[in-house]
Amino acid sequence: MRIAAPGAPVDELAALGPRGRRLAATSAASMFAADVSAPTPVIDPVPVVLDAEDWDTLSAGLIQRVRLLDALYADLYGPRTVLGTDVAPAAELLQDPAYLRSAIGIPSRGATHLFAVTSTVARQADGSWVVLEDSVDVPDGAGFALELRRVLSRCAPSLYRSTELRRLHPFFDTVRTALHRRTRTDGRAGRTVVLTAGDPDDPLRAFDQSWLANLLGSPVVSVGDLQTGSGSLTLRLPGVDSDPGDTVDALVRLLPSAQLDPLDLGPTPYGGVTGLVEAARCGDVEMLNPFGAGLLENPALRAALPDLCRQILHEDLQLRPAARPTGESPGAEPSRWLSSDPAGGDELVERPARLRLLVIASEDGYEVLPGGVAHTDDEAPEALKDIWVTVPESFALPEGAADSGSAPANGAGVDLGVLTAYPAMTRSIGSDLFWFGRYLERVDSTARLLRTVLDTSNDLGSERSASAGTAQAVLLGAVTDVTTTYPGFLDLDAQDPESVRSEISSLLTDSGRPGSLAQSYASLAHTTRTLRDLISDDVWPVIARMRGSFHLLAGSENRPLEQGLTDIVDGCLTLSGAVADSMPRNLGWDLTEVGRKLERTMGLLSLLRATLGHRRTRAAEARIAGAVALITESGASYRRTFHAAVQPELLLELLLHDTTLPRSIAFQLDRLNSTLDRLPEVTPSPELRAPLTALRSRIGSWQPQELLRPASTPGTVSDSPSGSPSGSVPGPPSAPTPTPAPPSAPTPAARGGAPTSMLEEADAAIGSLRELATALENRFFRPSESTSRWGIDDV
């Protein structure tokens, strides 16, 4: 049976033509992959179109099916009367490991037990619908449906304007309101959180789950963010040991039931939340979906649903299970939907497809999301298709309904019974925001450093003077010192262009090398994905373009490295602007700013130490100082302030003490101090204040002339900090120690010049910053012996 699309979409598809359809498919796939941070899928811009009559039949059958599953759950985890009948497959159910005996008797706060179910359906040639499978334990599909609709509507806007469709967002507005009313207790708004695994190996699922949390207006949490006690479930808040407002009333779990509580359900790969089953049994927290819902996916139970429906609901089951997983049985051919030719032909073809649809609990029972994702189901490569539900031509709003949400003419407010809930900030979210700020700054500063060193090396490479050779060696050595990618340039001949570009290429493309630009970007992209529900959608195209720049650098020998680095710097600027314009000025913003200011201060101190920590000839120092001014974007301020050629002492004065220069150390410390004042503290924390106070006092007393004066006695200052390299990226005690420079490698002193007190003073300042970073981690996120899960932990 061929399913014909309505006339308007068909006409518009013809107007697009083969080239337009292919362009829309390619653009949508690229945009989808960029947003999801996953491999590029095959997307078919030709939708699966369901008219109002078809949709009413299908949605009614899905709602009946979920009502049946909900009734079965209530019985199987309650009186269990169904097991005593001849209809239910009692043996198969009792042997199913998904039947969690610990969950028997847990109460439900609402009228229903099941919160969401995802069903996969297919249409047969006779027009009937069959169900291929149900995802009850961990439903999905909300994020995919919205993202696919979004990218296709942007890549083929005329196609979406041609037909009036049922929109997706109003559905979630209704669900969110119902969830709000279900969880409110004692006159206050209930706290709902979404528990996910945050699995980096499955970006598609992580994206879908984050989108669902965003649509529900609930924060994403991990098992480490939750704790139980006295029968209640609470959030672990940053810097707050106890708070009466952190109680969780409902937990939308997107982890399998058996992986949630190691006490009652056994050890789990995610650790679980000890005592979670008992908290649910006490009734203070509701599980959505409830524990053990995976039992309803039992194949034997699915086959018995028609008989169970007559016994429990006293109705005939409208959507019968498919005879085979593919939906194909003798005499029942699947329907075919209008599609693009998978072989690349110009004509539209017909392909079978299975539709994934989401059913969610509402105030009045259950509702079906009027759309979803269809997957082609034949031997050709699978393609994703949007599902359209059309609005009938005779459809009209009841009189006055269009204005039902507006305020009365007299200006009086309408009491919608909505209570305000304070925004949640868990320890893992706070930690991710902190590291997001650090990695963003690290990528930006490293890209600027590499770009300037490349430009300067190109200028100095053709010169034969001693000052040019010294300056080039110092700047290349600074790259290794700042990034701690030892031995790096310290073990290379700075006059060998091939060796220099090979090392820089490694820093740009080797994501497995700690401290490299590629590794820092991978960590930035990773932390960004974990914060998907907190960060603007405008961020993802920026991340995708930056990723494309790294791929081009790795895959093209003809692409200038300088151009790729400029693209990365531009991406960091755009990303910073997008975050600054969209992120609320709350605790999350403060933690991001603390991370950025700490990273920028440590990076700048490491840069000054590596480049100005030794005195050299005036000609070499002028070249080195000029490069530092470019890296720190202080050249224009220097010229307006001093009206002189760049000199190390004057440049250092500017970078140390100018509180108006956004990249100066004084500016960072002022912002860091004001941000720390806003962080939540139950009691004063000297471990946070002492390092910053000592640092500001030390740096405030620095005088450039004294800092750059050669040490009077050789050996009074060290060439590297005790115990760790001088850069901003040392490894934690549990991490592999960066490879030190071999004895034959040129030390800073060997590159020309006498050591100054700048070395010792910078080491002490960096030590204070590390102490402050450690105190922040201990106070707000996790114990000090833990390391960042995203990459190198600076503390």
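The values are calculated or read from the model by the stated rules, or taken from the named source; none is laboratory data. Not measured: the values here are computed from a predicted model. Here the Cβ is made from the backbone with ideal geometry for all residues, glycine too, and neighbour counts use every protein chain on show.
Only one entry in 610, 578, 620 is at pLDDT 95 or above, of a type in the set (A, V, I, L, M), assigned by TED's automatic domain parsing to the domain that holds residue 771 and surrounded by 17 or more Cβ atoms within 10 Å (Cβ to Cβ), namely 610. Note on the stretch 487-507: residues that are surrounded by 21 or more Cβ atoms within 10 Å (Cβ to Cβ) and touching a Pro at 6+ places or on another chain (Cβ under 7 Å) amount to 1.
In the stretch 4-44, of all residues being in contact with an Asp or Glu (Cβ under 8 Å, 6 or more places away or on another chain) and either at pLDDT below 85 or outside any helix (DSSP H, G or I) (or both), the one that is farthest from residue 384 (Cα to Cα) corresponds to 6. Checking each residue in the stretch 45-94 for being in a loop (DSSP other than H, G, I, E, B) and either within 14 Å of residue 305 (Cα to Cα) or touching a strand residue (DSSP E or B) at 6+ places or on another chain (Cβ under 8 Å) (or both) picks out 51, 85, 86, 87, 88, 89.
Residue 369 meets the stated requirement of being modelled with pLDDT of 95 or more and either closer than 30 Å to residue 68 by Cα or not assigned by TED's automatic domain parsing to the domain that holds residue 592 (or both). Out of curiosity, is residue 639 surrounded by fewer than 19 Cβ atoms within 10 Å (Cβ to Cβ) and either in the same structural domain as residue 525 (by TED's automatic domain parsing) or in contact (Cβ under 8 Å) with a residue 60 or more places away in the chain (or both)? Against the criterion (surrounded by fewer than 19 Cβ atoms within 10 Å (Cβ to Cβ) and either in the same structural domain as residue 525 (by TED's automatic domain parsing) or in contact (Cβ under 8 Å) with a residue 60 or more places away in the chain (or both)), residue 639 qualifies. Would you check which residues across the stretch 363-382 are assigned to a loop (DSSP other than H, G, I, E, B) and in contact with a Lys or Arg (Cβ under 6 Å, 6 or more places away or on another chain) and list them? Scanning the stretch 363-382 gives 370, 372, 377, 378. A single member of 361, 353 is buried (at least 22 other Cβ atoms within 10 Å of the Cβ), aliphatic (A, V, I, L, M) and modelled with pLDDT of 95 or more, and it is 353. When residue 665 is tested against (1) crowded, with 19+ Cβ neighbours inside 10 Å; (2) more than 23 Å from residue 449 (Cα to Cα), only condition (2) is not met. Just one residue in the set 462, 445, 536, 511 is in a helix (DSSP H, G or I) and either under 23 Å from residue 592 (Cβ atoms) or not assigned by TED's automatic domain parsing to the domain that holds residue 209 (or both); that residue is 445. Checking each residue in the stretch 178-197 for being surrounded by 19 or more Cβ atoms within 10 Å (Cβ to Cβ) and basic (Lys, Arg) picks out 182, 191.
Here 598, 591 are screened, and the one residue that is buried (at least 20 other Cβ atoms within 10 Å of the Cβ), in a helix (DSSP H, G or I) and modelled with pLDDT of 95 or more is 598. Of everything in the stretch 447-463 that is hydrophobic (A, V, I, L, M, F, W, C) and within 16 Å of residue 494 (Cα to Cα), the residue that is modelled with the lowest pLDDT is 460. Before we move on, is residue 114 touching a residue at least 24 places away in the same chain (Cβ under 8 Å) and more than 19 Å from residue 212 (Cα to Cα)? Answer is no for this residue. Evaluated against (1) closer than 30 Å to residue 530 by Cα; (2) in contact (Cβ under 8 Å) with a residue 24 or more places away in the chain, residue 39 falls short on exactly one condition, (2). Any residue at all in the stretch 609-621 that's farther than 20 Å from residue 703 by Cα and assigned to a helix (DSSP H, G or I)? Yes, because at least one residue in the stretch 609-621 is farther than 20 Å from residue 703 by Cα and assigned to a helix (DSSP H, G or I). Looking only at the stretch 562-585, residues that are in contact with a helix residue (DSSP H, G or I) (Cβ under 6 Å, 6 or more places away or on another chain) and in a helix (DSSP H, G or I) come to 11 in all.
Residue-by-condition table, conditions (1) surrounded by fewer than 18 Cβ atoms within 10 Å (Cβ to Cβ); (2) part of a loop (DSSP other than H, G, I, E, B); (3) acidic (Asp, Glu):
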residue	(1), (2), (3)
150	yes, no, no
153	yes, no, no
173	yes, no, yes
176	yes, no, no
199	yes, yes, yes
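Is it the case that residue 444 is charged (D, E, K, R), at pLDDT 85 or above and over 30 Å from residue 41 (Cα atoms)? For residue 444, the condition - charged (D, E, K, R), at pLDDT 85 or above and over 30 Å from residue 41 (Cα atoms) - is met.
From 252, 193, grab the single residue that is assigned to a strand (DSSP E or B), touching a Pro at 6+ places or on another chain (Cβ under 7 Å), at pLDDT 85 or above and under 30 Å from residue 524 (Cβ atoms). Talk me through it step by step, then tell me what you get.
On the way: 252 fails: touching a Pro at 6+ places or on another chain (Cβ under 7 Å).
That would be 193, the only listed residue that is assigned to a strand (DSSP E or B), touching a Pro at 6+ places or on another chain (Cβ under 7 Å), at pLDDT 85 or above and under 30 Å from residue 524 (Cβ atoms).
As a summary of the residue check, residue 138 satisfies the conditions (1) assigned to a helix (DSSP H, G or I); (2) at pLDDT 90 or above; (3) not charged (D, E, K, R) except for the one numbered (1).
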